[in-house]
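Just below is one structure, and these are the notes that go with it.
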Amino acid sequence: MNIEELSNSAKRSFIEIANETIKARGRFLTVLSGGFTPLKLYEKLAKENLDWTRVHFFWGDERCVPVDDPGNNFGQAKKVWFDNIGATNIHRIKSDPSTGSGQRFEPARAATDYAATLKVFAEAPLDWPRFDLVLLGMGEDGHTASLFPGSPVDVDSPTLAVTANYQDRPANRVTLTPMVFNQAREIWFLVTGNSKAETLHKVLKGEYKPAVYPAQRIQPVNGNLVWMIDEAAGSLL
Ligand code: 6PG
(Lines give C-alpha, C1' and ligand atoms only; values in the text may rest on other atoms or scores of the structure.)
Protein backbone atom coordinates (compact mmCIF):
# COMPACT_ATOMS: atom_id res chain seq x y z
CA MET A 1 0.00 0.00 0.00
CA ASN A 2 1.34 3.46 -0.86
CA ILE A 3 0.24 6.80 0.60
CA GLU A 4 -2.36 7.29 -2.13
CA GLU A 5 -4.04 3.93 -1.42
CA LEU A 6 -3.70 4.44 2.31
CA SER A 7 -5.38 7.85 2.09
CA ASN A 8 -8.20 6.43 -0.03
CA SER A 9 -8.86 3.64 2.38
CA ALA A 10 -8.69 6.02 5.37
CA LYS A 11 -11.11 8.32 3.57
CA ARG A 12 -13.65 5.53 3.04
CA SER A 13 -13.40 4.43 6.66
CA PHE A 14 -13.66 8.02 7.92
CA ILE A 15 -16.89 8.61 5.99
CA GLU A 16 -18.32 5.29 7.14
CA ILE A 17 -17.56 5.80 10.81
CA ALA A 18 -18.75 9.44 10.66
CA ASN A 19 -22.07 8.44 9.09
CA GLU A 20 -22.61 5.64 11.60
CA THR A 21 -21.81 7.89 14.53
CA ILE A 22 -24.05 10.72 13.32
CA LYS A 23 -26.85 8.21 12.92
CA ALA A 24 -26.30 6.83 16.41
CA ARG A 25 -25.48 9.97 18.39
CA GLY A 26 -26.31 12.92 16.15
CA ARG A 27 -22.77 14.24 15.92
CA PHE A 28 -19.23 13.11 15.22
CA LEU A 29 -16.31 14.36 17.31
CA THR A 30 -12.98 13.98 15.56
CA VAL A 31 -9.45 15.03 16.43
CA LEU A 32 -7.08 15.93 13.61
CA SER A 33 -3.33 15.63 13.51
CA GLY A 34 -0.84 17.98 11.95
CA GLY A 35 2.15 17.22 9.79
CA PHE A 36 2.39 16.23 6.16
CA THR A 37 1.02 12.68 6.18
CA PRO A 38 -2.74 13.35 6.62
CA LEU A 39 -2.96 16.14 4.04
CA LYS A 40 -3.85 13.78 1.20
CA LEU A 41 -6.63 12.33 3.31
CA TYR A 42 -7.92 15.83 4.10
CA GLU A 43 -7.88 16.76 0.40
CA LYS A 44 -9.86 13.65 -0.44
CA LEU A 45 -12.37 14.24 2.34
CA ALA A 46 -12.95 17.76 1.02
CA LYS A 47 -14.61 16.17 -2.03
CA GLU A 48 -16.90 13.87 -0.06
CA ASN A 49 -20.56 14.30 0.75
CA LEU A 50 -21.29 14.21 4.45
CA ASP A 51 -23.41 16.31 6.76
CA TRP A 52 -20.35 18.33 7.73
CA THR A 53 -22.43 20.54 10.04
CA ARG A 54 -22.66 17.55 12.39
CA VAL A 55 -18.93 17.01 12.51
CA HIS A 56 -16.95 18.66 15.29
CA PHE A 57 -13.27 19.15 14.54
CA PHE A 58 -10.66 19.29 17.28
CA TRP A 59 -6.86 19.05 17.18
CA GLY A 60 -4.44 16.75 18.93
CA ASP A 61 -1.81 19.45 18.87
CA GLU A 62 -0.97 22.84 17.46
CA ARG A 63 2.15 24.83 16.83
CA CYS A 64 2.34 28.39 18.13
CA VAL A 65 2.63 30.08 14.75
CA PRO A 66 0.22 32.30 12.81
CA VAL A 67 -2.69 30.60 11.10
CA ASP A 68 -1.31 31.38 7.63
CA ASP A 69 2.05 29.82 8.48
CA PRO A 70 2.41 26.40 6.78
CA GLY A 71 3.25 24.98 10.23
CA ASN A 72 -0.17 25.82 11.65
CA ASN A 73 -2.18 22.60 11.75
CA PHE A 74 -5.58 24.29 11.69
CA GLY A 75 -4.45 26.59 8.85
CA GLN A 76 -3.33 23.64 6.74
CA ALA A 77 -6.59 21.75 7.21
CA LYS A 78 -8.55 24.93 6.50
CA LYS A 79 -6.73 25.42 3.21
CA VAL A 80 -7.14 21.92 1.83
CA TRP A 81 -10.38 20.89 3.52
CA PHE A 82 -12.58 23.35 5.44
CA ASP A 83 -12.52 26.01 2.75
CA ASN A 84 -14.21 23.45 0.48
CA ILE A 85 -16.95 22.12 2.75
CA GLY A 86 -19.64 23.63 4.95
CA ALA A 87 -18.00 22.83 8.28
CA THR A 88 -19.41 24.88 11.12
CA ASN A 89 -17.98 23.32 14.26
CA ILE A 90 -14.28 24.00 14.19
CA HIS A 91 -12.65 23.98 17.61
CA ARG A 92 -9.10 24.98 16.93
CA ILE A 93 -6.33 25.44 19.46
CA LYS A 94 -5.84 29.18 19.58
CA SER A 95 -2.09 29.27 19.87
CA ASP A 96 -1.34 31.86 17.20
CA PRO A 97 -0.21 35.36 18.14
CA SER A 98 -3.46 37.07 17.18
CA THR A 99 -5.25 35.30 20.02
CA GLY A 100 -2.62 36.04 22.66
CA SER A 101 -2.09 39.40 24.25
CA GLY A 102 -0.26 41.68 21.86
CA GLN A 103 2.24 39.91 19.68
CA ARG A 104 3.35 37.25 22.15
CA PHE A 105 2.77 33.56 21.68
CA GLU A 106 1.18 32.21 24.79
CA PRO A 107 1.17 28.44 24.69
CA ALA A 108 0.30 28.04 28.36
CA ARG A 109 -2.77 30.22 27.99
CA ALA A 110 -3.79 28.44 24.78
CA ALA A 111 -3.49 25.11 26.61
CA THR A 112 -5.76 26.31 29.44
CA ASP A 113 -8.26 27.74 26.97
CA TYR A 114 -8.38 24.46 25.09
CA ALA A 115 -8.98 22.47 28.26
CA ALA A 116 -12.04 24.70 28.78
CA THR A 117 -13.18 23.95 25.20
CA LEU A 118 -12.85 20.22 25.85
CA LYS A 119 -14.89 20.58 29.02
CA VAL A 120 -17.85 21.94 27.06
CA PHE A 121 -18.03 18.57 25.27
CA ALA A 122 -17.11 16.50 28.32
CA GLU A 123 -18.58 13.10 28.91
CA ALA A 124 -18.91 12.75 32.70
CA PRO A 125 -17.01 11.77 34.77
CA LEU A 126 -14.31 12.91 32.35
CA ASP A 127 -13.44 16.58 31.85
CA TRP A 128 -13.19 16.01 28.12
CA PRO A 129 -15.16 14.15 25.43
CA ARG A 130 -14.72 10.54 24.48
CA PHE A 131 -13.71 11.33 20.93
CA ASP A 132 -15.26 9.24 18.18
CA LEU A 133 -12.11 9.26 16.05
CA VAL A 134 -8.61 10.54 16.74
CA LEU A 135 -6.08 10.85 13.93
CA LEU A 136 -2.44 10.78 14.91
CA GLY A 137 0.91 10.77 13.15
CA MET A 138 4.31 9.66 14.32
CA GLY A 139 7.61 11.49 13.91
CA GLU A 140 10.91 9.81 13.08
CA ASP A 141 11.83 10.15 16.76
CA GLY A 142 8.67 8.38 17.93
CA HIS A 143 6.76 11.49 18.99
CA THR A 144 3.07 11.76 18.44
CA ALA A 145 0.87 14.86 18.61
CA SER A 146 3.31 17.09 20.53
CA LEU A 147 4.31 14.41 23.01
CA PHE A 148 8.05 14.37 22.44
CA PRO A 149 10.78 12.10 23.79
CA GLY A 150 11.74 13.48 27.18
CA SER A 151 8.75 15.85 27.44
CA PRO A 152 6.73 15.72 30.64
CA VAL A 153 3.62 13.83 29.64
CA ASP A 154 2.59 12.05 32.80
CA VAL A 155 0.71 15.09 33.91
CA ASP A 156 -2.70 15.29 35.43
CA SER A 157 -4.03 17.67 32.82
CA PRO A 158 -5.87 17.17 29.52
CA THR A 159 -3.74 19.74 27.68
CA LEU A 160 -0.14 20.79 27.91
CA ALA A 161 2.09 23.60 26.65
CA VAL A 162 5.29 22.08 25.29
CA THR A 163 8.63 23.37 24.09
CA ALA A 164 10.26 20.77 21.93
CA ASN A 165 12.97 20.30 19.37
CA TYR A 166 12.17 18.22 16.33
CA GLN A 167 14.46 18.00 13.35
CA ASP A 168 16.45 20.88 14.86
CA ARG A 169 13.50 23.23 14.97
CA PRO A 170 12.69 24.48 18.45
CA ALA A 171 8.98 24.91 18.76
CA ASN A 172 6.32 26.06 21.16
CA ARG A 173 3.31 23.86 20.93
CA VAL A 174 0.12 22.85 22.67
CA THR A 175 -0.90 19.22 22.88
CA LEU A 176 -3.59 16.96 24.27
CA THR A 177 -2.24 14.40 26.71
CA PRO A 178 -2.46 10.60 26.66
CA MET A 179 -5.29 10.51 29.18
CA VAL A 180 -7.49 12.32 26.66
CA PHE A 181 -6.38 10.33 23.62
CA ASN A 182 -6.74 7.03 25.45
CA GLN A 183 -10.42 7.57 26.20
CA ALA A 184 -11.24 7.83 22.50
CA ARG A 185 -13.52 5.29 20.86
CA GLU A 186 -11.20 4.94 17.87
CA ILE A 187 -7.61 6.04 17.20
CA TRP A 188 -5.79 5.81 13.86
CA PHE A 189 -2.09 6.35 13.39
CA LEU A 190 -1.18 7.32 9.83
CA VAL A 191 2.48 6.56 9.20
CA THR A 192 4.28 6.52 5.85
CA GLY A 193 7.81 6.50 4.49
CA ASN A 194 11.05 4.68 4.88
CA SER A 195 12.47 7.18 7.35
CA LYS A 196 9.97 5.98 9.96
CA ALA A 197 10.50 2.24 9.49
CA GLU A 198 13.07 1.75 12.24
CA THR A 199 11.17 3.76 14.84
CA LEU A 200 7.89 2.10 13.91
CA HIS A 201 9.50 -1.27 14.48
CA LYS A 202 10.74 -0.16 17.92
CA VAL A 203 7.37 1.33 18.87
CA LEU A 204 5.38 -1.74 17.87
CA LYS A 205 7.76 -4.61 18.48
CA GLY A 206 10.31 -3.23 20.93
CA GLU A 207 10.37 -2.91 24.66
CA TYR A 208 7.87 -0.50 26.26
CA LYS A 209 9.90 2.71 26.66
CA PRO A 210 7.34 5.51 26.56
CA ALA A 211 9.80 8.23 27.64
CA VAL A 212 11.84 7.41 24.52
CA TYR A 213 8.95 6.54 22.18
CA PRO A 214 5.93 8.59 23.25
CA ALA A 215 3.75 6.95 20.58
CA GLN A 216 3.75 3.89 22.84
CA ARG A 217 1.67 5.86 25.35
CA ILE A 218 -1.29 5.70 23.03
CA GLN A 219 -3.32 2.74 24.23
CA PRO A 220 -7.06 3.25 24.26
CA VAL A 221 -8.71 2.13 27.48
CA ASN A 222 -11.94 1.09 25.82
CA GLY A 223 -11.55 1.73 22.12
CA ASN A 224 -9.83 0.59 18.94
CA LEU A 225 -6.30 1.41 17.90
CA VAL A 226 -5.47 1.08 14.20
CA TRP A 227 -2.06 1.56 12.62
CA MET A 228 -2.44 2.63 8.98
CA ILE A 229 1.00 2.29 7.44
CA ASP A 230 2.44 2.15 3.95
CA GLU A 231 4.84 -0.48 2.70
CA ALA A 232 7.91 1.68 3.27
CA ALA A 233 7.12 2.47 6.91
CA GLY A 234 6.26 -1.18 7.55
CA SER A 235 9.31 -2.61 5.81
CA LEU A 236 10.97 -3.79 9.04
CA LEU A 237 7.92 -5.31 10.66
C1 6PG B 1 2.44 17.98 14.40
C2 6PG B 1 1.89 16.63 14.62
C3 6PG B 1 2.92 15.57 14.72
C4 6PG B 1 2.95 14.83 13.40
C5 6PG B 1 4.24 14.04 13.23
C6 6PG B 1 4.34 13.40 11.88
O7 6PG B 1 1.71 18.94 14.56
O8 6PG B 1 3.62 18.07 14.06
O9 6PG B 1 0.63 16.43 14.96
O10 6PG B 1 2.80 14.71 15.80
O11 6PG B 1 1.84 14.00 13.28
O12 6PG B 1 5.31 14.94 13.41
O13 6PG B 1 4.42 14.41 10.92
P14 6PG B 1 4.54 14.09 9.38
O15 6PG B 1 3.25 13.52 8.95
O16 6PG B 1 4.81 15.44 8.75
O17 6PG B 1 5.69 13.16 9.25
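Taking first residues from the range 221-237 that are in contact (Cβ under 8 Å) with a residue 60 or more places away in the chain and partners that are among the β-branched types (Val, Ile, Thr) and part of a loop (DSSP other than H, G, I, E, B), the Cβ contacts under 6 Å between residues at least 6 apart in sequence or on separate chains come to 230/192. In the set (1) over 19 Å from residue 187 (Cβ atoms); (2) within 16 Å of the ligand (Cβ to nearest atom); (3) assigned to a loop (DSSP other than H, G, I, E, B), the condition left unmet by residue 161 is number (3). Restricting attention to the range 44-76, the residues being away from the ligand (no atom under 11 Å from the Cβ), basic (Lys, Arg) and under 18 Å from the mean Cα position of the chain (by Cα) number 1. Can you confirm whether the range 200-222 contains a residue that is within 11 Å of the ligand (Cβ to nearest atom) and in a helix (DSSP H, G or I)? Checked against the condition, which is being within 11 Å of the ligand (Cβ to nearest atom) and in a helix (DSSP H, G or I), the range 200-222 yields at least one hit.
One residue stands out in the range 120-139 among those that are outside any loop (DSSP other than H, G, I, E, B) and in contact (Cβ under 8 Å) with a residue 24 or more places away in the chain: the one that is nearest to the ligand (Cβ to nearest atom), namely 137. Of the residues in the range 2-36, how many are open to solvent by 30 Å² or more (accessible area, probe 1.4 Å) and within 16 Å of the ligand (Cβ to nearest atom)? Number satisfying all stated conditions: 5. In the range 93-116, is there at least one residue being more than 16 Å from the ligand (Cβ to nearest atom), of a type in the set (Lys, Arg), more than 23 Å from residue 216 (Cα to Cα) and surrounded by fewer than 20 Cβ atoms within 10 Å (Cβ to Cβ)? Scanning the range 93-116, I find at least one residue that is more than 16 Å from the ligand (Cβ to nearest atom), of a type in the set (Lys, Arg), more than 23 Å from residue 216 (Cα to Cα) and surrounded by fewer than 20 Cβ atoms within 10 Å (Cβ to Cβ), so the answer is yes.
Looking for something farther than 25 Å from residue 4 by Cβ, within 11 Å of the ligand (Cβ to nearest atom) and buried (at least 16 other Cβ atoms within 10 Å of the Cβ) - is there at least one such residue anywhere in the range 175-191? Yes, because at least one residue in the range 175-191 is farther than 25 Å from residue 4 by Cβ, within 11 Å of the ligand (Cβ to nearest atom) and buried (at least 16 other Cβ atoms within 10 Å of the Cβ).
The values are calculated or read from the model by the stated rules, or taken from the named source; none is laboratory data. Please read these numbers as outputs of a predicted model, since none were measured by experiment. Don't worry about glycine lacking a Cβ; one is built from the backbone with ideal geometry, like all the others, and counts go over all protein chains shown. We work out accessible area using only protein heavy atoms, side chains counted, and drop any ligands, DNA or RNA first. Shrake-Rupley method; radii C 1.70, N 1.55, O 1.52, S 1.80 Å.
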